[in-house]
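Working notes, beginning with the structure itself.
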Amino acid sequence: MVENQKLKDELKIYIKENKLLKNEINNLKTQNSKLKDELIKANKIISNYNNIQNNQQENNSIFKNLNELIKIKDEKINELELQLQNHSNSNKPVNFDDILYVHFISLDQKINCPIKCLKTDTFAEIEEKLYQKYGEYRETNNNFITKGKIVLRFKKIYENNIQDGDKIQLLKIE
């Protein structure tokens, strides 16, 4: 009987331990479930963060492109303002003494043409007026001579020592 009582007591201890272990298992299952929920939430947050990062990179790219476009537009505005300023400057009253005619002549006698200009015009501007009238000469390589000297295209008329009524000979270079 003592043996029987001893076994009963042992069984009670095992039953108690079993209940404690079952409670611990239930607690661990609950904790596990909570951790799974937290993991799902954390993954959603990470996913949202990655989406935000991707959107931010896209926004940065768009922002960079817009800045480049603004820069190009600013350059164009500055260019147009400069053209407008130059145009308004060119509408200043001109001194009558600054107006002169140069007379272009070609060796083949196809050109015999006076062109009105200002002393302050570059020779290239006057040459362009000539080519507007005689477009076929635009396709050739030309030099210009006056008073025995070659005319320098990017110097002003007065810098080339060209006077009113001077004859300028066009020479086609073959």
Pairing a residue in segment 102-114 that is more than 17 Å from ILE162 (Cα to Cα) with any residue that is assigned to a loop (DSSP other than H, G, I, E, B), where Cβ atoms lie under 9 Å and the two sit 6 or more apart in sequence or on different chains, gives SER106/TYR134; LYS110/TYR134; ILE111/TYR134
So ILE52, is it of a type in the set (A, V, I, L, M, F, W, C), out of contact with any Pro (no Cβ under 7 Å at 6 or more places or on another chain) and either under 30 Å from ASN143 (Cα atoms) or modelled with pLDDT of 85 or more (or both): no
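The values are calculated or read from the model by the stated rules, or taken from the named source; none is laboratory data. Computed from a predicted model, the values in this text were never measured in an experiment. Every residue, glycine as well, gets a Cβ built from its backbone with ideal geometry; the counts of neighbours run over all protein chains shown.
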